There are 2 protein chains.
Amino acid sequence: MRTVDPAKHAAKRATIVDAAAGCFAEKGFERTTTADICRAAGISSGSLFHYFPNKRAMFTAIFTDDAAETAGRLETAAKADDQWEALLDVVTELAGQVAHPAVVRLVLEAAAQAARDDEFAELIRRNDGALRDGLAVLVERAADAGLIDPGVTARAAAGWVAGLIDAMILRASLDPDLDLPAEQAVLRTILVRFLRPVSPPDGA
Amino acid sequence: MRTVDPAKHAAKRATIVDAAAGCFAEKGFERTTTADICRAAGISSGSLFHYFPNKRAMFTAIFTDDAAETAGRLETAAKADDQWEALLDVVTELAGQVAHPAVVRLVLEAAAQAARDDEFAELIRRNDGALRDGLAVLVERAADAGLIDPGVTARAAAGWVAGLIDAMILRASLDPDLDLPAEQAVLRTILVRFLRPVSPPDGA
DNA sequence: GTCTATAGACGGATAGAC
DNA sequence: GTCTATCCGTCTATAGAC
């Protein structure tokens, strides 16, 4: 057997990705130096470039890793009994991430980078597409149960639900004193009025 | 009399701001070089730094200029007869800006920069605050005319109306083939359901 | 002669990659 | 730690308006 321990390799890789994410969130992609990442991860420059071919790869790794996490969340939600409640829960959880300033900054940085890096934009679009698809499934199933206004298509609804989560992220970035629970309540109100039937079968 | 012609100075300054905006939209703030801006504006480095003390000032100028424009829009809307229609019109106009990819990119770049430049963040927050204030005025007046659900406060509503515009911008950045008129129609639907009284006095 | 506007070269610093 | 490349912003010099 070679001296390569896959688990150890993965762990070290994760350490670097974490350190890099912290740096990118704090200073942005361009202004983060590879030396910064070395310092944050406690490793040498030589070691860093053994795990990643260049700075850009460290950045993209953050978002490929995150996509897997979101996919898991959506999968769990799809198994719930009440798909409408599951939808609200997923939105609340995703919107709740704005409590972490680093997440907000990484999203903004990703959006800015995607605007001028086609390959990276493709990755971000894939992630967003997967999110919208997952949300559309929840909407469609809730609609089958009569919990959604038939006048709204699942795809259009999913797109704007994702948009509302994005809006929450931008609001959080603009207002450091954002009252998260209050905003989530308004977000919930918007979702209910936007999506639920005008005369709901139950009183939610 | 000094040899300063204010009109000529302002015109050249505007030329530089335009050129810089194009560069920043295309390459981002960090990756845009002052040489890029010189090339785009057709001037020399010496001339460029005669008009602006540094690169950052060229960036901020874009957004101070834009704030004045938005303020004018809001002022005009406040004079309209039907404040509800005026609100919808302003939102449609602002959301319609996403038809220009450069605008979308500049907004994203501004958001990313604001995350790590406190002084610039202050400027962006001021602009956003002014927008929200202007929208709140429209909402409040529409409410006085009985056109808004009394259960929604003007401030909270204005915040989320601004948020919906932001959402449109982010959607546009993710989807280059966005069907703008269709999305604007959905946006309108969300606004109506979110804000209008459950039993509206007229049939809008 | 004083001020504005412009040009263009260059210094010092710093980055990524290995 | 090195090597190469690049960038910002300063600095000097020149032209013209008053």
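Bear in mind that the values in this text are calculations on the coordinates, not laboratory data. Predicted model only: the values in this text are computed from it and were never measured. Neighbour counts run over all protein chains shown; Cβ positions are idealised from the backbone, glycine included.
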Report task. Report the local net charge at B:ALA14: Lys and Arg +1, Asp and Glu -1, summed over other residues whose C-beta lies under 15 Å from its C-beta. Result -> -2
Query raised in the report: Taking the Cβ-Cβ separation of A:ARG188 and B:ALA10 as r and a Förster radius of 51 Å, what is the calculated FRET efficiency to the nearest 0.05?
Result: 0.60
Query - Average other protein chain Cβ within 10 Å of Cβ, residues A:111-119 - result: 6
Query raised in the report: What 222 nm value per residue comes from the helices of the protein assembly as shown, counting each DSSP H run with n ≥ 4 as -39,500 (n - 2.57) and dividing by all residues, nearest 500 deg cm²/dmol?
Result: -25000 deg cm²/dmol
**Report entry** 7 Å along Cα→Cβ, label-point gaps from B:GLU119 to other copies, nm, shortest first
**Finding:** 3.7
Report summary line: For peptide A:30-36, the mean count of other chain Cβ atoms within 10 Å per residue Cβ is 1
Query - Inter-copy label distances at A:GLU30 (7 Å, Cα→Cβ; nm, one decimal) - result: 0.8
Query raised in the report: At what distance in nm do the modelled label points of A:ASP118 and B:LEU180 sit from each other, each positioned 7 Å from its Cα along Cα→Cβ?
Result: 2.3 nm
Requested in this report: May I ask you to report, in nm to one decimal and beginning with the shortest, the distances from A:GLU93 to the same position in the other copies, taking label points 7 Å along Cα-to-Cβ?
Outcome: 4.3
Query - Cβ crowding within 10 Å averaged over residues, with A:69-79, B:162-172, A:99-109 ranked highest first - result: B:162-172, A:99-109, A:69-79
Query raised in the report: Kirkwood hydrodynamic radius for chain B: how many Å is it when counted over pairs of different Cα atoms?
Result: 18.8 Å
Query raised in the report: Ranked from highest to lowest mean number of other Cβ atoms within 10 Å per residue, what is the order of the peptides A:52-58, B:186-192?
Result: B:186-192, A:52-58
Report task. May I ask you to list, by number, the DSSP H helices of chain A whose Cα span along the axis is at least 27 Å and whose average Kyte-Doolittle hydropathy reaches -1.0 or more? Result -> A:6-27, A:55-78, A:118-144, A:154-174
Report task. Extending each Cα 7 Å along its Cβ direction at A:ALA71 and B:LYS79, get the distance between those two points in nm, one decimal. Result -> 5.6 nm
